[in-house]
1. Determine, yes or no, whether Gly26 is in a loop (DSSP other than H, G, I, E, B), away from the ligand (no atom under 16 Å from the Cβ) and of a type in the set (Gly, Ala, Ser).
2. Ser97 passes all but one of (1) at pLDDT below 90; (2) among the small types (Gly, Ala, Ser); (3) surrounded by 13 or more Cβ atoms within 10 Å (Cβ to Cβ); (4) not in a loop (DSSP other than H, G, I, E, B); which number fails?
3. Is there any pair linking a residue in region 1-26 that is surrounded by 14 or more Cβ atoms within 10 Å (Cβ to Cβ) to one that is modelled with pLDDT under 95 and of a type in the set (A, V, I, L, M), with Cβ under 7 Å and at least six apart or on different chains, and which?
4. Just to be sure, is Ile77 closer than 21 Å to Lys10 by Cβ, surrounded by fewer than 18 Cβ atoms within 10 Å (Cβ to Cβ) and more than 12 Å from the ligand (Cβ to nearest atom)?
5. Quick check on Thr109: is it at pLDDT 90 or above, away from the ligand (no atom under 16 Å from the Cβ) and among the hydroxyl-bearing types (Ser, Thr, Tyr)?
6. Residues of region 115-147 being modelled with pLDDT of 70 or more and within 13 Å of the chain's Cα centre (by Cα), which ones?
7. Quick check: anything in region 148-157 within 13 Å of the ligand (Cβ to nearest atom), surrounded by 14 or more Cβ atoms within 10 Å (Cβ to Cβ) and modelled with pLDDT under 70?
8. What strands (runs of 3 or more DSSP E) lie completely within region 32-75 and have 1 or more residues being at pLDDT 85 or above?
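The values are calculated or read from the model by the stated rules, or taken from the named source; none is laboratory data. Keep in mind that what you see is a predicted model, and the values were worked out from it rather than measured. Ideal geometry is used to build each Cβ from the backbone, glycine not excepted, and the neighbour counts take in all protein chains shown.
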Amino acid sequence: MKPYKIKKSKIDNRRGLYASKDIREGTKIINYIGKIVTNKQVENSSKYDNDKPIYLFTLNNRYTLDGDFHWNTAGLINHSCDNNCDYDGKGFKVWVSAIRNIKKGEELTCDYGFGFDKDYKQFPCKCRAKNCCGYIVREGSRFRINKKFAMGRNKTNK
Ligand SMILES: [Zn+2]
């Protein structure tokens, strides 16, 4: 039995993956599959212009894994700022592992890990976690957004 099932997501208005049984921390849940392309292709092809960076994994200084395919079930996993899973990989393989114990019925979530740049506003986050910064940005960069948020809020409160 697979440790996950596909269901309509509570986070996004699309599908997501849910734990179909209790999953222990450290468990490898699903492979993230796609096509290997060269970093040069990513740079040069309009297919990789900003709209779908969330499916790209840089494997090394030459190759990228493009997971933007309907048969890549792991691509359905949504981002949360309080994620219970994360991407893991070795060589040309990428997979999703549990980073804490997950209860049956919980939605599986990862940290998409976008860097902080001027385009982050393209990707609002709706995960509703307590620590949600409002945008899909990797954990290490979120404090900068939170600071901006704080500044914005102060302005409107006046
Ligand atoms: Zn969030």
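1. Against the criterion (in a loop (DSSP other than H, G, I, E, B), away from the ligand (no atom under 16 Å from the Cβ) and of a type in the set (Gly, Ala, Ser)), Gly26 qualifies.
2. Evaluating Ser97 over (1) at pLDDT below 90; (2) among the small types (Gly, Ala, Ser); (3) surrounded by 13 or more Cβ atoms within 10 Å (Cβ to Cβ); (4) not in a loop (DSSP other than H, G, I, E, B) leaves (1) as the failure.
3. Between residues of region 1-26 that are surrounded by 14 or more Cβ atoms within 10 Å (Cβ to Cβ) and residues that are modelled with pLDDT under 95 and of a type in the set (A, V, I, L, M), the close pairs are Arg15/Leu76; Gly16/Leu76; Gly16/Ile77; Leu17/Leu76; Leu17/Ile77; Ser20/Met1.
4. no
5. no
6. Phe123, Pro124, Cys125, Lys126, Cys127, Tyr135, Ile136, Val137, Arg138, Glu139, listed by residue number.
7. Yes, region 148-157 contains at least one residue that is within 13 Å of the ligand (Cβ to nearest atom), surrounded by 14 or more Cβ atoms within 10 Å (Cβ to Cβ) and modelled with pLDDT under 70.
8. Correct list: 35-38, 63-66.
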